[in-house]
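The values are calculated or read from the model by the stated rules, or taken from the named source; none is laboratory data. Just so we're clear, the structure is a prediction, and the values are computed from it rather than from any experiment. Note that each Cβ is placed from the backbone with ideal geometry, even for glycine, and that neighbours are counted across all protein chains shown. Areas reflect the complete protein model, heavy atoms only, side chains present, ligands, DNA and RNA absent. Shrake-Rupley method; radii C 1.70, N 1.55, O 1.52, S 1.80 Å.
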Amino acid sequence: MIDNYRAIEGNSSSYFSLLALFGTFVAIGAGAFFYIEHNGHGVTNMTNQVVWGLPHVFAISLLVMASGALNLASMATVFGAKHYKQFRRFSAFLAIALLAGGLAVLVLDLGRPDRMLLTMIHMNFKSMFTWNVFLYSGFIVMCFLYLWTMMQHERFVKLAGSAAFGFRLILTTGTGSIFGVIAARDMFHSAITAPTFIAVSLSAGTALSLILLVVTFRSTGREMDIKLVHGLRNMLVFFTLLVAYLIVVEKFTSLYAPNTDDVAHYVLGGAHKMLYWGGVVVIGVLLPLLVLFMPASGNSVGGIVFASICSIAGEMAFIAHVLFAGQAYPFDMFPGYEITSVFLDGSVGVYWPSLVELLLGLGGMAITGLIYILGIKFFRLLPKKAVAPEGWAPWSP
Amino acid sequence: MTMDRRSVLGLGGAAAAGVMLAPGLHLIAAPNKTEADGNKRWAMLIDVNKCASDCTACTSACRTENNVPMFGDPTRDIHWIRKVELKDKSGRRPSVSLPVLCNHCEEPPCVHVCPTEASFVRKDGIVLVDKHRCIGCRYCMIACPYKARSLVYHKTKLPEGGNPDVPIRGSGVVEKCTFCVHRVDDGKLPACVEACNREGHGAMLFGDLNDPESEIAKRIKSVPTTTVRKDLGLEPHVHYQGL
Amino acid sequence: MVRYPPLRVIQVLLVALLMCAAPLAVQAEMGHNHQSGPVKLQKPKGTACVLPEEQMRRTHMDYLKHKRAVTVREGVRVRDESLKNCISCHPSKKKFCEQCHKYVGVKPDCFECHNYPD
């Protein structure tokens, strides 16, 4: 089995142009960072009401996807789906790459990135952010240990893989809890926020793994049994249904209670309704499900990849909705009163991202891309040929 | 003169030794020292009925005292204290106008979420931002239900007629009302309270809740008062009367 | 025979290299600024500093840093040791603080926010 892994050649002109593309975006992202750092956050479009902008959407999306990307390896190691064992190196490595990209954006969007190390010197252990510092670094260590055992100490794989799986659940719970524990924000103060983040991470992480596997195998001329793609598709279907279930339960609960129905009405019909209905519901849930359940598209690789792209776009829309609607929705400090002030109390926050924020975010994505394509060139992460076991037939529409 | 110099040097030397041996201890000898008192609980009581809707004396006094910058962009202007107009949705209660500022909670969510302990509660209950330590992550702004905090989006300059005793702002850090901590430590009232009294409204009362003889403690005992977002259990130290 | 651990050897070599290079760097810097001899500071107004001069020269940054923490966080304010008191004897940042700071190439950012007259 070990011999089956082979690094890609990485000598083609398209490989180098991809390298150059990612490199350029990393450089542009670095430029965007220095531009913001030098001029202050005044050059972004963030305000005192929407203080976390587009960079946070990119950062959190990548971090959420990171834990989801480990799913494939967990399926093999923890849940005994042996046919995914051949992808577990890829899966753990991708998780690290995504985490690195996301963390870079998160850290570079600080108001004072020069003081970043203060988080190591002065720690407030009540803060969800401090916990996340440990969760992120711990997750990277876990993934490295997992990779190490996979490559050299097979007998510890189960241990390392199970630990990494447990950690990824805690990690995404932590990421979701950044929002879930904030009592001040009715939009996301909920015990179900963290589980929803986990479901979203599973669907988007699986979708990204699927896309990268298909694209990498195709462009390097490797063979992959279509049954494996169908198996991944079924996982994606399951996770997308899970996301749908959780958001329906959450909306139902908040619509049911008279003290929270204002928030639910805002989500469904307020200023961010397009982001919610169009981005989260249609692109993130309905469209992928439709495509995957229709026999014509659901069984073709093209259709499945399209649904996966939708799923990732839906994930980003979900994070963007949590962030933007959550912050823009005004505080109800004096219930029963209409509130106005020079500080824009009582009015919905307006935010439209600026170019420099987009470039910073794309820079983070490019870091992930760069790490990934360098990884598959320099490490033996992927099998020469991905085979499915005889007699295994995943469900198909 | 020589004696003078010597005694000053001696004091300095003692202070230096103190710095090295026990930080904080050396200051006991100095007569001109003040320190936050852990037995105090600074609080404010705002009588909504006395607050005039067209009066902004408190907000402008705050701006002058603390060099609070205006950038000419309402989405980014910084307000440590702002006047808020309330209109009853059912039309039964009269409209009111009142100042809203940092509530200096006993259990401040901003302090809970701050990763570097830049936001903290001082011994005497004043919630502050250590601007030397803030990394500008803005999590506190997400957590505060009073919208009391602002990020400094642009570089600032000491304005004409500004107060040189209060620092201006470095961009990229979060700031908010300090209860005029520099004045309180000096035995004075916060600038907003003083301005309100000067205008003759007397709508703002400031004092030590832990002192049963203080006017604010007596008032809060004798008249019905409330706090904003009581349901969150943050125990704010800004109380409102007549709301 | 004493065997030296290779890491230790590298450490020692590095330190030695730095020690050789440091004076060169300082000389280069001096030449660049056309500065020779001791830095000329504005004569202070008062009779004596709050700490002995030698100590102040070496440790004022630690002192200020410690002070700033206890002042902000504990509310400890000592008039004699306040920045305001510094200004009363050394009224110009340009003629006092920056003389040395420029010479040694450090850029403290205290006065981006705190008021210290030029």
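Residues with beta-carbon under 13 Å from that of A:Ser254, excluding A:Ser254: net charge, scoring Lys, Arg +1 and Asp, Glu -1? Let's see the in-between values first.
On the way: positive: A:Arg185, A:Lys251; negative: A:Asp186, A:Glu250, A:Asp261, A:Asp262.
Taking every other residue near A:Ser254 into account, the sum is -2.
For the stretch C:55-118, what does the alpha-carbon gyration tensor say about shape, rounded, prolate or oblate, given a ≥ b ≥ c as the root eigenvalues, a/c under 1.5 as rounded, and a/b over b/c as prolate? Numbers along the way, then the final one.
Numbers: a/c = 1.75, a/b = 1.49, b/c = 1.18.
Since a/c reaches 1.5 and a/b is larger than b/c, the shape of the stretch C:55-118 is classed as prolate.
For A:Tyr136, A:Tyr256, write out the residues from largest to smallest accessible area, computed with a 1.4 angstrom probe and no ligands counted. If you can, show how the numbers build up before the last one.
On the way: A:Tyr136 15, A:Tyr256 175 Å².
Solvent-accessible surface, decreasing: A:Tyr256, A:Tyr136.
Based on DSSP loop calls and a cut-off of at most 10 other Cβ atoms within 10 Å, the longest stretch of chain A free of exposed GluC sites (Glu not before Pro) is what?
A:10-389
Excluding ligands and nucleic acids, what accessible area in Å² is computed for B:Thr178 using a 1.4 Å probe, to the nearest 10?
20
Projected onto the charge dipole of the protein assembly as shown (+1 at Lys/Arg Cβ, -1 at Asp/Glu Cβ, origin at the Cα centre), which of A:Ile8, B:Pro236, C:Cys113 gives the Cα projection farthest towards the positive end?
Checked the options; the winner is A:Ile8.
To the nearest 20 Debye, how big is the dipole of the protein assembly as shown about its Cα centre, given +1 on the beta carbon of each Lys and Arg and -1 on that of each Asp and Glu?
Numbers: 74 positive and 57 negative charges, 324 e Å.
Here the size comes out at about 1560 debye.
Per-residue ellipticity at 222 nm for chain A, helices alone: DSSP H runs ≥ 4 residues times -39500 (n - 2.57), over residue total, nearest 500 deg cm²/dmol?
It comes out at -21500 deg cm²/dmol, rounded to the nearest 500.
With a point put 7 Å past each Cα toward its Cβ, work out how far A:Trp352 is from B:Val48 in nm, to one decimal.
Reported label-point gap for A:Trp352 and B:Val48 is 3.7 nm.
So if R0 is 60 Å, what FRET efficiency would A:Ala20 and B:His201 give, r being the distance between their Cβ atoms, rounded to the nearest 0.05?
Values: r = 67 Å, r/R0 = 1.12.
Once the sixth-power term is evaluated, E becomes 0.35.
Percent of Cα-Cα pairs more than 28 Å apart in the stretch A:2-386, please.
Of all Cα-Cα pairs in the stretch A:2-386, 47 percent lie more than 28 Å apart.
Which residues does a label at B:Ser95 reach in the stretch B:54-79, if reach means a backbone N under 15 Å from a point 7 Å past the Cα toward the Cβ?
Taking a point 7 Å out along Cα→Cβ of B:Ser95, the residues of the stretch B:54-79 whose backbone N falls under 15 Å are B:54-55.
Taking each pair of different alpha-carbon atoms in the stretch A:191-318 once, compute 1/r for the pair, average those values, and report the inverse of that mean as the Kirkwood hydrodynamic radius in Å to one decimal.
One decimal place: 15.3 Å for the Kirkwood radius.
How much length is gained on full extension from A:Glu338 to A:Asp225, taking 0.36 nm per residue of separation minus their Cα-Cα distance? Kindly include the intermediate steps, with their values, before the conclusion.
Values: separation 113, 0.36 × 113 = 40.68 nm, distance 6.13 nm.
Between A:Glu338 and A:Asp225, full extension yields an extra 34.6 nm.
Of the candidates B:Met141, B:Met70, B:Met204, which one comes out as most mobile in a Gaussian network treatment of chain B with C-alpha springs shorter than 10 Å?
So, out of B:Met141, B:Met70, B:Met204, the one fluctuating most is B:Met70.
Between exposed GluC sites (Glu not before Pro) in chain B, where DSSP calls loop and at most 16 other Cβ atoms lie within 10 Å, what's the longest gap?
B:1-105
Springs between alpha-carbon pairs under 10 angstrom, Gaussian network model over chain A: which of A:Ser341, A:Ser203, A:Ser162 fluctuates most?
A:Ser341
Quick check: Cα centre of the stretch B:140-182 to Cα centre of the stretch C:70-106, how many Å?
Measuring centre to centre over Cα atoms gives 22 Å.
What is the average number of partner chain Cβ atoms found within 10 Å of a Cβ in B:152-161?
The shielding value for this peptide is 3.
Mind checking the mean number of beta-carbon atoms from other chains within 10 Å of the Cβ atoms in B:107-117? Please list the in-between numbers first.
On the way: counts 0, 0, 4, 1, 3, 7, 9, 6, 14, 13, 10.
The mean count of partner-chain Cβ atoms within 10 Å per residue comes to 6.
Work through the residues other than B:Arg183 whose Cβ is under 13 Å from its Cβ and net out their charges, Lys, Arg +1 and Asp, Glu -1.
My count for the surroundings of B:Arg183 gives -3.
With every atom except the alpha carbons ignored, what do you get for Rg and Dmax of the protein assembly as shown, in angstroms?
30.4, 103
Would you mind checking the radius of gyration and Dmax of the stretch A:58-198 based on alpha-carbon positions, in Å?
Rg then Dmax for the stretch A:58-198, in Å: 15.9, 49.
Could you work out the helix-only [θ] at 222 nm for chain B, with each DSSP H run of four or more residues adding -39,500 (n - 2.57) and the total divided by the number of residues, to the nearest 500 deg cm²/dmol?
-7000 deg cm²/dmol
Taking the alpha-carbon centroid of each part, what is the distance from the stretch A:211-273 to the stretch B:193-216 in angstrom?
About 55 Å separates the Cα centre of the stretch A:211-273 from the one of the stretch B:193-216.
What number comes out for the charge environment of B:Asn66, summing +1 per Lys or Arg and -1 per Asp or Glu over other residues with Cβ under 12 Å away?
Net local charge, B:Asn66 excluded: +1.
How large is the charge dipole for the stretch B:152-243, taken about the Cα centre, if only the Cβ atoms of Lys, Arg (+1) and Asp, Glu (-1) carry charge, to the nearest 20 debye?
Roughly 340 debye, rounded to the nearest 20.
Cross-link candidates for C:Lys107: which lysines have Cα within less than 17 Å, leaving aside residues fewer than 8 places away along the same chain?
Partners found: C:Lys65, C:Lys93, C:Lys94, C:Lys95.
Rounded to the nearest 20 debye, what is the charge dipole size of the stretch C:55-118 about its Cα centre when +1 sits on each Lys and Arg Cβ and -1 on each Asp and Glu Cβ?
Result for the stretch C:55-118 is approximately 100 debye, rounded to the nearest 20.
Highest GNM mean-square fluctuation, chain A, Cα pairs closer than 10 Å: which of A:Met75, A:Met316, A:Met116?
Maximum fluctuation in the GNM of chain A, among the listed residues, is at A:Met116.
Give, in whole angstrom and from largest to smallest, the semi-axes √(5λ) of the equivalent ellipsoid of the stretch B:42-241, with λ running over the eigenvalues of the Cα gyration tensor.
25, 20, 18
Rounded to whole Å, give me the distance from the Cα center of the stretch A:21-44 to that of the stretch A:276-337.
Value for the Cα centre distance between the two parts: 28 Å.
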